[in-house]
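Undergrad: Structure below; questions to follow.
Laboratory data are not the source of any read-out in this text; all were calculated from the coordinates shown. Here the structure is a predicted model, which means the values were calculated and not measured. Note: ideal-geometry Cβ built from the backbone for every residue, glycine included; neighbour counts use all protein chains shown.
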Amino acid sequence: MSVKTLKCGIIGYGYMGEIRRAVIERHPQLELVGICEYDARIAKKINGYPVFERVEDLFKASVDMVFVCTPNCHTPAVVIQSLQAGKHVFCEKPPGRNLQDIVDIRKAEGRGPKLMFGFNHRWHPGILKAKAMVDSGRFGRILNMRGLYGKSGGVQFRHSWRNNKEISGGGILLDQGIHMLDLFRFFGGDFEQIKCSASSAFWKFDVEDNAYVILHNPGGIDATLHSSATFWKHTFKIDITLEGGYITVEGFLSKTGSYGREQLIAAKRQFEDEAEAIGNPSEEITYFDRDLSWDLEVGEFVKCVLEERDVVSGSSLDAYKVMEIITKAYQNAGLLSAHPIKVIS
């Protein structure tokens with residue numbers, strides 16, 4: 001029995017485009033047939049694959065699937081164009097600059113080609129193990145969560161398009177904090193009450209370099225996030241406190257390795273009648289040294305396409321819900337004028 005192969009194209013060949021290229025090359029059922037990149041300086045460095053300046057020309061290479069790795073301002077139009085051309089779409093987060101962008105994408109989605117958004121943090125080994133532990137009920141229900149996610153900036157940071165509001169739509173919360181907010185939803189469901197304070201005290205961008213978000217949901221779960229471009233140390237940490245214990249994932253396997261070794265720390269709640277000292281429970285520590293998140297995530301998308309299954313993780317609804325949180329956070333922080341938000345079921 002022959003194995004179905006999907007012909008793929010990449011649209012936008014920056015940092016994420018290179019990562020997706022490697023993922024496609026590793027997957028036995030994917031074949032990269034072309035890359036769309038209008039920047040001639042980048043295009044001339046691409047070896048081994050046809051390079052197209054126009055998306056329409058890439059489509060003519062008979063691609064079945066495209067990976068959209070463009071800056072936020074271009075993402076909605078490219079995704080919509082690809083869906084309308086009958087192509088399955090794997091798109092990087094965020095789904096655009098604002099909530100309207102993902103609303104427009106969802107209107108174009110229909111029931112034909114599959115659409116998935118790249119929230120690969122859900123597929124990291126530490127997060128997968130933590131989710132399995134939470135779902136097992138070992139420590140009871142979640143009481144609260146706390147997230148720290150930030151970077152150190154750098155010499156070229158000031159010149160990144162990600163800090164240009166016209167291109168990106170927002171700052172560190174939209175660029176990086178969106179992953180932690182997605183994980184809060186992944187573990188705790190939807191959040192309705194949202195408070196936020198944000199500033200650009202150091203970098204002086206027209207977007208925030210620090211955001212502090214407080215969330216509460218109907219299930220009684222509270223969550224807090226500090227998303228920052230001024231930690232001066234690449235940092236990832238999520239604490240999950242449950243009725244009968246706690247789980248922490250810190251450090252993060254990445255291309256640069258700068259977030260430190262990924263590890264999961266878990267402990268059962270122990271009072272003085274069980275432990276040597278109150279507030280010092282015995283902890284289990286698990287270390288992870290292989291990041292398969294990129295491959296696992298794309299592998300799931302390929303299965304959805306080939307088996308004609310609905311996308312249930314990283315769906316357009318997931319993208320909408322997390323963009324809704326960010327929109328409400330920006331509004332509460334005074335960074336975005338308040339306007340009615342359309343509810344999508």
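Undergrad: Express as a percent, rounded to the nearest 5, the fraction of DSSP beta bridges in the chain (both residues included) that run antiparallel. Kindly include the intermediate steps, with their values, before the conclusion.
TA: Details: 40 of 67 bridges.
About 60 percent, rounded to the nearest 5.
Undergrad: Can you work out the Karplus-derived ³J(HN,Hα) for every residue in segment 49-62? Use 6.51 cos²θ - 1.76 cosθ + 1.60 with θ = phi - 60°, whole Hz, and x for glycine or proline.
TA: 9, x, 10, 10, 7, 10, 4, 4, 6, 5, 4, 5, 7, 6
Undergrad: A follow-up question, please. Provide the FRET efficiency to the nearest 0.05 for the VAL312-ILE285 pair, computing r from the beta carbons and using R0 = 22 Å. Mind dumping the intermediate values first?
TA: Numbers: r = 31 Å, r/R0 = 1.41.
Computed FRET efficiency for VAL312 and ILE285: 0.10.
Undergrad: Short version: ³J(HN,Hα) in whole Hz for each residue of segment 63-79, in order, from phi by Karplus 6.51 cos²θ - 1.76 cosθ + 1.60 (θ = phi - 60°), x for Gly and Pro, what are they?
TA: 6, 8, 9, 10, 10, 8, 10, 8, x, 3, 5, 9, 4, x, 4, 5, 4
Undergrad: Calculate the dipole size of segment 122-226 relative to its Cα centre from +1 charges on Lys and Arg beta carbons and -1 charges on Asp and Glu beta carbons; express the result in debye to the nearest 20. List each step's numbers first, then the result.
TA: On the way: 13 positive and 10 negative charges, 76 e Å.
For segment 122-226, the charge dipole is close to 360 debye.
Undergrad: First select every other residue whose beta carbon is under 11 angstrom from the beta carbon of SER200; then total the charges, Lys and Arg +1, Asp and Glu -1. Each step should come with its number before you reach the end.
TA: Values: positive: LYS165, LYS204; negative: ASP206, GLU208, ASP209.
Here the charged neighbours net out to -1.
Undergrad: Given a cut-off of under 8 Å on Cα pairs at least six residues apart, what relative contact order in percent is computed for segment 124-292?
TA: On the way: 352 pairs, mean separation 43.3, N = 169.
Relative contact order, segment 124-292: 26 percent.
Undergrad: Okay, next question. Take the Cα of CYS73, step 7 Å along the line toward its Cβ, and report every residue of segment 187-208 whose backbone nitrogen sits under 15 Å from that point.
TA: 206-207
Undergrad: Can I ask one more? Assign unit charges at the C-beta atoms only (+1 for Lys and Arg, -1 for Asp and Glu), then state the dipole size of the chain relative to its Cα centre in Debye, rounded to the nearest 20.
TA: Details: 42 positive and 43 negative charges, 160 e Å.
That gives a dipole near 780 debye.
Undergrad: Then there is this: Among ILE194, ILE167, which comes first, second and so on when ranked by fewest other beta-carbon atoms within 10 Å?
TA: On the way: ILE194 22, ILE167 14.
The most exposed by this proxy come first: ILE167, ILE194.
Undergrad: In straight Cα distance, which lysines are under 18 Å from LYS237, not counting same-chain residues fewer than 8 positions off?
TA: LYS129, LYS131, LYS151, LYS255
Undergrad: Report the label-to-label distance for LEU292 and LEU143 in nanometres (one decimal), using points 7 Å from each Cα along the Cα→Cβ vector.
TA: Roughly 3.4 nm, to one decimal.
Undergrad: Using a 10 Å Cβ count of at most 16 others and DSSP loop calls, identify the longest part of the chain lacking such GluC sites (Glu not before Pro).
TA: Working: sites that count: GLU53, GLU192, GLU243, GLU272, GLU274, GLU276, GLU307, GLU308.
Longest stretch, sites excluded: 54-191.
Undergrad: Let me ask something else about it. Grab the beta carbon distance between SER337 and GLN84, set R0 = 22 Å, and tell me the FRET efficiency rounded to 0.05.
TA: 0.10
Undergrad: Oh, and also: Positive end of the charge dipole of the chain (Lys, Arg +1 and Asp, Glu -1 on Cβ, about the Cα centre): tell me which of PHE157, ILE46, LEU296 has its Cα farthest that way.
TA: The Cα lying farthest towards the positive end belongs to ILE46.
Undergrad: Give me, ordered by chain and number, the residues 5 or more places off GLY118 or on other chains with an amide H under 5 Å from its own placed amide H.
TA: CYS91, GLU92, LYS93
Undergrad: How long are the semi-axes of the ellipsoid equivalent to segment 160-319, from square roots of 5 times the Cα gyration tensor eigenvalues, in whole Å, largest first? Before the final figure, lay out the partial values.
TA: On the way: eigenvalues 166, 110, 68 Å².
Those come to 29, 23, 18 Å.
Undergrad: For segment 81-147, state which trypsin sites (Lys or Arg not before Pro) are in a DSSP loop and have at most 14 other beta carbons lying within 10 Å of their beta carbon. Could you put the intermediate results ahead of the total?
TA: Numbers: sites: LYS87, ARG97, ARG106, LYS107, ARG111, LYS114, ARG122, LYS129, LYS131, ARG138, ARG141, ARG146; in loops: LYS87, ARG97, ARG111, LYS114, ARG138, ARG141.
When the trypsin sites (Lys or Arg not before Pro) of segment 81-147 are filtered for loop state and at most 14 Cβ neighbours within 10 Å, ARG111, ARG138, ARG141 remain.
Undergrad: Here's a follow-up. Between LEU143, LEU30, ILE285, whose Cα lies farthest towards the positive end of the dipole of the chain when Lys and Arg beta carbons carry +1 and Asp and Glu beta carbons carry -1, centred on the Cα centre?
TA: Of the listed residues, the answer is LEU30.
Undergrad: Would you mind checking the radius of gyration and Dmax of the chain based on alpha-carbon positions, in Å?
TA: Rg then Dmax for the chain, in Å: 20.7, 70.
Undergrad: Before rounding to the nearest 500, sum -39500 (n - 2.57) across all DSSP H runs of length at least 4 in the chain and divide by the residue total; then give [θ] at 222 nm in deg cm²/dmol. Please list the in-between numbers first.
TA: On the way: 10 runs with 100 residues, N = 345.
So the helix-based figure for the chain works out to -8500 deg cm²/dmol.
Undergrad: Out of PRO94, GLY12, VAL213, whose Cα points farthest toward the positive end of the dipole of the chain (charges: +1 Lys, Arg; -1 Asp, Glu; placed on Cβ)?
TA: After comparing all options, I get GLY12.
Undergrad: Considering only C-alpha atoms, what is the centroid distance from segment 1-66 to segment 86-137, in Å?
TA: If you average the Cα positions of each part, the centres end up 20 Å apart.
Undergrad: Excluding same-chain residues fewer than 8 positions from LYS45, which aspartates and glutamates have a Cα within less than 18 Å of its Cα?
TA: GLU18, GLU25, GLU37, GLU53
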